[in-house]
1. Can you pull out every residue in the range A:245-272 that is touching an Asp or Glu at 6+ places or on another chain (Cβ under 6 Å) and either within 15 Å of A:Asn564 (Cβ to Cβ) or modelled with pLDDT under 90 (or both)?
2. State whether one or more residues within the range A:124-141 are assigned by TED's automatic domain parsing to the domain that holds A:Glu194 and either under 27 Å from the mean Cα position of the chain (by Cα) or acidic (Asp, Glu) (or both).
3. Those residues that are buried (at least 23 other Cβ atoms within 10 Å of the Cβ) and either closer than 11 Å to A:Ile558 by Cα or over 14 Å from the mean Cα position of the chain (by Cα) (or both), I need them from the range A:239-250; list them, please.
4. Is there a residue in the range A:302-312 that is of a type outside the set (D, E, K, R), within 36 Å of the chain's Cα centre (by Cα), more than 30 Å from A:Asp275 (Cα to Cα) and crowded, with 16+ Cβ neighbours inside 10 Å?
5. Quick check on this structure: which one of B:Gly419, B:Gly381, B:Gly387, B:Gly396 is of a type outside the set (Val, Ile, Thr), at pLDDT below 90 and in contact with a Ser or Thr (Cβ under 7 Å, 6 or more places away or on another chain)?
6. So which residues in the range B:108-127 are of a type outside the set (Phe, Trp, Tyr) and assigned to a helix (DSSP H, G or I), if there are any at all?
7. Can you tell me which of B:Thr315, B:Thr404 is hydroxyl-bearing (Ser, Thr, Tyr), over 20 Å from B:Phe76 (Cα atoms) and touching a residue at least 60 places away in the same chain (Cβ under 8 Å)?
8. Of everything in the range B:289-308 that's more than 7 Å from every other protein chain (Cβ to nearest Cβ) and within 20 Å of A:Lys46 (Cβ to Cβ), which residue is nearest to the chain's Cα centre (by Cα)?
Amino acid sequence: MEQLFNRKYIIQGLFIVIAIILLAKLFYIQIISDKAFVAAESNVLKKKFKYPARGAILDRKMRVIVQNEPVYDLMVIPNEVKSFDTLALANALDISVDDIRKNMRKARLKSNYQSTPFSKQISVQSYARLQEIMYRFPGFSTQDRTIRHYPDSVGGQLFGYVKEVNQDDIDKSDGYYRSGDYIGKSGLERSYEEFLRGEKGVVNTVYDAKNIPQGSYADGKYDINAISGERLISGIDIQVQKLGEELMTNKVGAVVAIEPSSGEILAMISSPGYDPNLLVGKSQGNNYMDLIGNPYRPSMVRPIQGYYPPGSSFKPIDALIGLQEGVIDPNMTFNCPGYYMAGNHKVKCEHVDGNISMRRGIARSCNTYFCHVFQKLITKNGMKNQRQTYQDWRDKVAKFGFGSKLDIDLPFEKKGYFYNADHYDKIYGKRWGYTTVISQAIGQGEITATPLQIANAMAIIANRGYYIRPHLIKAMGDKLLVKKEYVTKNYVGVDEKYFEPVIDGMQEAVNSAWGTAVLSRIPDIIMCGKTGTVQNSRGKNHSVFIGFAPRDNPKIAIAVIVENAGFGSTYAAPIASYMVEKYLNGAVSGNRVAQVEWMKNQNLLPLLIDKSKKLKLTKADSLIIRKTDSLKRINDSLRLKAATAKRPISAQLVKKPTITIKSDPNKK
Amino acid sequence: MIQQQGNRFFFNVDWITVLIYILLCIIGFANIYASIPHPDNSAAFDFSSSYGKQFIYVISGLVLGLSLLLFDGRLFNVFAPFIYGITLILLIAVLFIGRNVGGNQAWIPIGSFRLQPSEFAKFGTALLIARYVSTFSPKFRDFKSIFIVGIIVAAPLVLIMMQPDTGSALVFLAFMFPLYREGLSGYFLLIFLGMIVLFVADFLVPVSILIAIILTISGLFIYANKRKQKLIITTVFVTLIAIGYLFVVKIAYEKVLQQHQRNRIELMLGLKTDNKGAGYNVIQSQIAIGSGQATGRGFLQGTQTKYGYVPAQSTDFIFSTIGEEWGFLGCSVVIGLYIFLLLRLINLAERQRSTFSRVYGYSVACILFFHIFINIGMTIGIIPVIGIPLPFISYGGSSLWSFTILLFIFLKLDSNRMGFI
């Protein structure tokens, strides 16, 4: 019996052990782990985000160039939907009954309890119709958002576009973005995302287990109002930008115009371009794919991504360095027999000028003159030290911004290539000298630059010796903030006094009878410039012009590159002159107006051969092509309107895709 | 002296137990009040609501309990077989005339009130076992006495299983402990424990490894006792049974248990996660309890409770309300009160002179213990979901009254402890 009495303790002990087990588990889930607390909050608390409007972008004269437009999404909470008149809803939305069913299925797949988009960006008319009959559709609601709108339909590549974030963006943002948010994907929208996006607002609402809202959480203590994004003021003159894009219609190339004194970009054209309004709204995805698939690559931002040999536009820099180094003086002459012999390699010149000085050398773009300058620069320490002097020269040129990024406020800028001495060592061993790299003298060969770098070099000459990093946005927000790197002067190591002789030459190039760009003279404005005809291994030469105006206190420095357009004087120089005149005088004057119209209508898009079709040209066809092509070049240089000879039959057969990107989206 | 006691109904009643009982009822009422939504414009006290009904149940339960103290304690001994018989009849009747609520044919409607015979079967069985043990003083060394007691427990258990109400049926296993106290071999408890352990292990560990473990243990055991032939034979026997059990239980699990029961077990063992379906209750209950943290969100401040995230919150999951609104502190107080009550009941049982009272006292304590352990364990996810109420706290008249009757009969017997029943 005594033994059985002890069994009491076993039973009581069991009670206590079990109680301790229960308390231990409670201690864990209530005190040690806070998982349950978080889960409880997310059970009852639903955060509804309020989306701020993105900041507007203004041009340099405070005209709005990027703004917001309200759009309406029709949202649905599938579980709250009762059977409804599908036909009425379909009519209000201008879609078919099948679409209604399809959208409903899609919404159900996403979530039964949460508000999910049913029909995105419905039209204002649909919205108005819906407002009257909304009560008949429980579970549906409208939500307003804003999308981007570009009143002038220009500058697609500059502004970039805004798109729903993807998982990658969410992961990288340290929790700022959530699924459904929008983010600037390219262009200014991307580089100024943090200013433009504003601050999201939050409304905390308590929900019960049946997902019925039970009022605001803690009397709205933790709610946040949405704060609109800050506006940006850009240096762009939208009128000049627009003119430039019109001039560059149906041409491949780029234009960059900079205000030299501030580094502000006045216009930046990448052609072919596209209407930025195409990349907002419902058809964004389709239009984007069209752009990507377009063989002329309108999605490429040529001013910062296109690689071009600087060509003749490089010559003023040669001259400046030569002067600074003291190897030449402005009056020194070299004899030009129409070519320059670099060893047994012949560099051709377009003309035979005899003895030629710097001023004329620049004005006439004499290859021979600059090969001599280059020779003097590289061999100034004797023939044996050429490697070192080349590297010195290269570093001096690099100070003008070649071979490295200028850090413009756009994403995906490229830096071009400009070889070091080491690089040549790799190719030629130790056996190379100025004759090997002579094409550098005239900006051909192993140097490429972006149009932005070329325009910046011109700004340096306009400023007589320094540049400010080119930038699109000159002030941010209401406080007009400016980034520090966009106000500091970067000196290039050439004294101011050496610039005048070079500028003299550039002035003559445009304003004297023997200049290469004399036909692009602007009445009453002294523009200094330099044409270039860049050899293009893949097709016709590129037409290049760089310049600035006016000569004293320059207000604009410009670089124009038109691909496959032949001489610099034919297309690039006039385009530059119209834009400069437009910027300085507000309008193009006199008979030049007609020239502008003519220019706009020129179609210089290179022929695209669809390789997939394997079209074989007959001998006759290729003869016609060659003939019309050479004829065209002659005509172009004579500036005859008749230049546009009929396209060969085979070219029509190839069926060149026509660029219709600039069409009004509303008409679609 | 006996005469004197009979006249004074409340003589020698253990008022501390009554006090704990009242405290638990008040805690129950308060938390049921908190578990239902309270619109701002609601009337002060609504008798048609669940807390209003519970108020009536508590008051009537207390009256019922106190009136039980008026009876002569000896009556319970005398009428034990009779009461047991009535509960069996009710259990049979409910299978035919009962109302099916939530899949269980467990309720007999009487007017607006619904009687749950399985609740009353508990004290009926407890009384009969006490009567049997006190009358025949079996030592449970022979097959016959174990068989008889087994029948007494199994009859209501099987009937309840047929409703089917597995949860209430499981509670009848609690009678193992009073029988253990009266001499049932401890091996029964060990075997029972071993069965549970093997059952759980069967799900978590591959069978081959389990068999290897069992063989290793028995091998070592045989090696240690290699001279005791009889023990070796027993060990081999037990080992074979254990291995056989592993396979039988797997098959039984698939064939006998219903899908929802399998789900609950698998969820508890973490073999399955299901936030929306069968696992919803348990997860929401744990979230509610866990979110109470140390001191809780405060009375009527629990968001999970207020907004109805835990299903069956005023009945089987009432502990989640306590956990959320009163935190670890409140949970500790409630568990502390229960443990104090259980230990006290055991102590009271041990001071009885009569075997009848002692066996009955143990039965009461162990039935309450099973309810408390299973219910709280279920709400915090250490036991599969088994729908049985938390004594004195869960909403419901039948359960409150049956627990009251269970407890107060013992208090009456205890007050008579000086006499012989």
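The values are calculated or read from the model by the stated rules, or taken from the named source; none is laboratory data. Only a predicted model underlies this, so the values are computations on that prediction, with no experimental measurement involved. As a convention, Cβ positions derive from the backbone with ideal geometry for all residues, glycine included, and neighbour counts pool all protein chains shown.
1. Correct list: A:Val252, A:Gly253.
2. yes
3. A:Val240, A:Leu243, A:Gly244, A:Leu247, A:Met248
4. Within the range A:302-312, one or more residues are of a type outside the set (D, E, K, R), within 36 Å of the chain's Cα centre (by Cα), more than 30 Å from A:Asp275 (Cα to Cα) and crowded, with 16+ Cβ neighbours inside 10 Å.
5. None of the other options fit; the residue is B:Gly396.
6. B:Pro117, B:Ser118, B:Glu119, B:Ala121, B:Lys122, B:Gly124, B:Thr125, B:Ala126, B:Leu127 - these are the residues of the range B:108-127 that are of a type outside the set (Phe, Trp, Tyr) and assigned to a helix (DSSP H, G or I).
7. Going through B:Thr315, B:Thr404 in turn, the sole match is B:Thr315.
8. Residue satisfying both the conditions and the ranking: B:Thr305.
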